Amino acid sequence: MDSQVAVALALSLVGGVSTSIGALFVIVNQAPNLKMLGLLQGFAAGLMLSISFFDLAHNALNSLGFLKGNLWFFAGVIFFGVVASFIPEPTLAPTSDVKGRKKNGDDGGKDTLKKHRRQVLFSGIVTAVGISLHNFPEGMAVFLGSMKGLRVGINLALAIALHNIPEGVAVALPVYFATQSKWQAFKLASLSGFAEPLGVIIVAYLFPSSLSPEILEGLLGSVGGVMAFLTLHEMLPLAFDYAGQKQSVKAVFLGMAFMSASLYFLSISLPEDLSL
């Protein structure tokens with residue numbers, strides 16, 4: 001058993017490291033301007049919405065039925081809606097105001113830019129948390145797949161690794177923009193990826209073998225609700241503010257299409273009796 005856990009842990013680390021590779025793509029380039037940041041935030045929002053609705057909530061509805069799946073999903077929405085009401089957020093002026101104030105030599109432009117950076121940083125943290133919660137069951141799937149055989153585990157680990165690279169970009173980009181620190185961007189993206197080996201450790205050692213699959217699916221459905229709320233409440237308004245609604249919506253659907261394709265190729269790499 002211990003050797004199997006070690007193999008599963010090593011395979012899940014491949015997925016975790018691929019998130020760091022995505023972060024490297026960000027930090028080797030200069031921090032983007034506000035419009036590009038808005039477009040990429042829209043793309044990241046699409047990734048998150050696709051994971052939420054087409055992966056986590058979809059699986060909960062299939063496993064638990066329409067009513068129970070929705071109850072778990074909206075429990076997550078309500079929970080984080082209440083939490084968000086206690087989180088203070090900076091009120092931002094439009095980006096055009098920032099440019100105008102800079103031209104007029106007004107120090108208020110610097111203050112507004114600082115507020116923009118604070119909101120962008122918060123968005124990056126939200127993305128990191130959401131992707132970490134999504135990566136956690138992927139670690140569980142790697143463990144269960146490797147129990148079936150090394151070939152299954154390797155195929156699954158490679159599929160997840162390719163799937164995680166854009167997630168690393170989605171986390172590192174706003175953090176890099178907000179902090180101007182390559183190390184902070186790389187660190188947070190890497191930490192979100194290492195939720196996968198944590199999933200292996202927990203499912204192997206901490207969860208009892210009699211853990212109710214219904215409760216696990218319900219909790220993952222709630223995670224989907226949390227991610228949907230945070231995406232619509234935090235990331236999408238940021239994209240609209242920086243890149244405009246029309247361009248941001250296009251970026252959102254591009255992100256959704258990309259992640260949906262990624263989830264499809266990930267699903268066909270799994271054996272029939274194992275799913276994420």
Estimated FRET transfer efficiency (Lys187, Asn62; beta-carbon r; R0 41 Å; 0.05)
0.70
Computed FRET value (nearest 0.05) for Arg117 with Gln245, which takes r as the C-beta separation and R₀ as 22 Å
0.50
Along Cα→Cβ, 7 Å out, is where each label goes; now give me the distance between the ones at Phe265 and Leu232 in nm to one decimal.
3.0
Can you list the HN-Hα couplings for the range 7-22, worked out from phi with the Karplus curve (6.51, -1.76, 1.60; θ = phi - 60°), rounded to whole Hz and with x for Gly and Pro?
5, 4, 5, 5, 5, 5, 5, 4, x, x, 5, 5, 5, 5, 5, x
Checked against a 21 Å limit on the C-alpha separation, the offending pairs among Lys35/Lys114; Lys35/Lys246; Lys187/Lys246 are Lys187/Lys246
Leaving out ligands, DNA and RNA but keeping every protein chain, what accessible area does Phe25 have, in Å² rounded to the nearest 10, with a 1.4 Å probe?
120
What distance in nm separates the two pseudo spin-label positions at Ala75 and Ser212, each 7 Å out from Cα along the beta-carbon direction?
0.9
What figure, in Å² to the nearest 10, do you get for the accessible area of Glu138 with a 1.4 Å probe and non-protein molecules left out?
0
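The values are calculated or read from the model by the stated rules, or taken from the named source; none is laboratory data. Keep in mind the model is a prediction, meaning the values are calculated, not measured. Glycine also receives a Cβ, built like all others from the backbone with ideal geometry; neighbour counts cover every protein chain displayed. To get the accessible areas, we keep the full protein, side chains included, count just its heavy atoms, and leave off ligands, DNA and RNA. Shrake-Rupley method; radii C 1.70, N 1.55, O 1.52, S 1.80 Å.
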